[in-house]
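Where a number appears in this text, it was derived from the coordinates with a stated rule and is not lab data. Quick caveat: nothing in here was measured; it's all calculated off a predicted structure. Using ideal geometry, Cβ is built from the backbone for each residue, glycine included, and neighbour counts are taken over all protein chains shown.
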Amino acid sequence: MAARDAAGRNHRGDRALAALRGWLDTAAVADAGDAGADDDRIDWLRALPFIGMHLACLAVFAVGVSAAALWVALALYALRMFAITGFYHRYFSHRTFRASRPVQFAFALLGAASVQRGPLWWAAHHRHHHVHADTARDPHTPRKGFWRSHVGWFLTRGGFRTDTSRIGDLLKFPELRWLDRWDTAVPVALAAALYVAGEALARWAPSLRTNGPQLLVWGFFVSTVALFHATVTINSLAHRWGRRRFQTRDDSRNNLWLALLTFGEGWHNNHHHFPGSARQGFRWWEIDITWYGLRALQALRIVHDLKPVPAAVLARARGGR
């Protein structure tokens, strides 16, 4: 009996140590081929930092609020949302335009600050989603329930791994592999920078009525949690609520409100019908802020070769709702 108890304690200790390594180094997670029966179960030990970020938002009641903190939170939401939608999604996942290696890395850094893991993980997972959308192999189909599609899939043992078989075109960049492996490095650096900036403002610009703890809570925790939940509404809500202009094999829908929240990603049925375009709002009135941003970057010669929506697809869109 004592031997069994000792073995149980050792096993729990090994799991806790593995979780700690996984928080810091994603290479500590088994490779994508090492699938197991518990892949679909939530790994609560690995999920603790994610839960902690949500709890940290409650500190708003302790640190108070200021216009400066709100503007920082909003700016970081917008910048990181564009990095996720424009680069993690439309560039890394779908290769719908071209960018130089320095530009690619700069926006990968900004995307990594979103705490949505590294660019390789994001692209690999999203490519898998498009192949298996709304089937049993899609980890975040709403057919498995709202909780699972919105956040549960993100915290499973299988969900933590990067399927490198789907991202051979990206693996050749060591800087992207580094970001993917040490995916907590950039968020920690951002959090530290916000705290230092807040303390500096408290000393040198006291009229702004902010400080380190306040800027950390609003600029990092609140902004990041809002950004995450806005992003994953495309999984949980854009496959449930909205209009289906195109009869795709999945349940994707177009939703104006989600498009506004996610800078254009809410035109999800358009995207699933033709994912090869950098533009997702196919009609002139379908607001696609990410597309406008990419057009501006192209005008500045920062990115180039944006892939448009083919004329035949636009003609079908004009015939739909």
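Quickly run through segment 284-294 and pick out the residues that are among the charged types (D, E, K, R) and surrounded by 23 or more Cβ atoms within 10 Å (Cβ to Cβ). Break it down stepwise before answering.
Let us first name the residues in segment 284-294 that are among the charged types (D, E, K, R), namely 286, 288.
If the condition is that a residue be among the charged types (D, E, K, R) and surrounded by 23 or more Cβ atoms within 10 Å (Cβ to Cβ), then Asp288 is the only one that fits.
Quick one: Ala112 ticks every box in (1) without any contact (Cβ under 8 Å) to a residue 60 or more places away in the chain; (2) closer than 24 Å to Trp291 by Cβ; (3) surrounded by 18 or more Cβ atoms within 10 Å (Cβ to Cβ) bar one, so which box is it?
Evaluating Ala112 over (1) without any contact (Cβ under 8 Å) to a residue 60 or more places away in the chain; (2) closer than 24 Å to Trp291 by Cβ; (3) surrounded by 18 or more Cβ atoms within 10 Å (Cβ to Cβ) leaves (1) as the failure.
Whether any residue in segment 158-168 is assigned to a loop (DSSP other than H, G, I, E, B), among the basic types (Lys, Arg) and farther than 20 Å from Pro275 by Cβ is what I want to check. Lay out the reasoning, then the answer.
Step one: list which residues in segment 158-168 are assigned to a loop (DSSP other than H, G, I, E, B), which gives 161-163, 167-168.
Of the ones still in play, those that are also among the basic types (Lys, Arg) are 161.
Checking which are farther than 20 Å from Pro275 by Cβ leaves us with 161.
Checked against the condition, which is being assigned to a loop (DSSP other than H, G, I, E, B), among the basic types (Lys, Arg) and farther than 20 Å from Pro275 by Cβ, segment 158-168 yields at least one hit.
Residues in segment 264-283: is at least one surrounded by fewer than 17 Cβ atoms within 10 Å (Cβ to Cβ), aromatic (Phe, Trp, Tyr) and not in a loop (DSSP other than H, G, I, E, B)?
No: zero hits.
For segment 128-155: of the residues being among the basic types (Lys, Arg) and surrounded by fewer than 20 Cβ atoms within 10 Å (Cβ to Cβ), which is nearest to Ser100 (Cα to Cα)?
The initial filter retains those residues of segment 128-155 that are among the basic types (Lys, Arg), namely 137, 143-144, 148.
Cutting the leftovers down to surrounded by fewer than 20 Cβ atoms within 10 Å (Cβ to Cβ) gives us 137, 143-144.
Numbers: Arg137: 34, Arg143: 39, Lys144: 39 Å.
Looking at the filtered set, the residue picked out is Arg137.
Go through the residues of segment 58-77 one by one and say whether even a single one is aliphatic (A, V, I, L, M), without any contact (Cβ under 8 Å) to a residue 12 or more places away in the chain and either farther than 28 Å from Gly281 by Cα or in a helix (DSSP H, G or I) (or both). Step through it out loud before you land on a result.
Initial filter on segment 58-77 (aliphatic (A, V, I, L, M)): 58-60, 62-63, 65, 67-70, 72-76.
Now drop any that are not without any contact (Cβ under 8 Å) to a residue 12 or more places away in the chain, which leaves 58, 75.
Checking which are either farther than 28 Å from Gly281 by Cα or in a helix (DSSP H, G or I) (or both) leaves us with 58, 75.
For segment 58-77, residues aliphatic (A, V, I, L, M), without any contact (Cβ under 8 Å) to a residue 12 or more places away in the chain and either farther than 28 Å from Gly281 by Cα or in a helix (DSSP H, G or I) (or both): present.
Return the residue satisfying two criteria in turn: it lies in segment 81-115 and is touching a Gly at 6+ places or on another chain (Cβ under 7 Å) and of a type outside the set (Phe, Trp, Tyr), and of such residues it is farthest from Val222 (Cα to Cα).
Thr96
If I ask for residues that are part of a helix (DSSP H, G or I), within 27 Å of Asp251 (Cα to Cα) and basic (Lys, Arg), which ones from segment 87-132 would you list?
Once the filter is applied, which keeps residues that are part of a helix (DSSP H, G or I), within 27 Å of Asp251 (Cα to Cα) and basic (Lys, Arg), segment 87-132 yields Arg90, Arg127.
Just give me the residues in segment 156-176 being closer than 27 Å to Val225 by Cα and surrounded by fewer than 17 Cβ atoms within 10 Å (Cβ to Cβ), in sequence order.
Answer for segment 156-176, where residues must be closer than 27 Å to Val225 by Cα and surrounded by fewer than 17 Cβ atoms within 10 Å (Cβ to Cβ): just Glu175.
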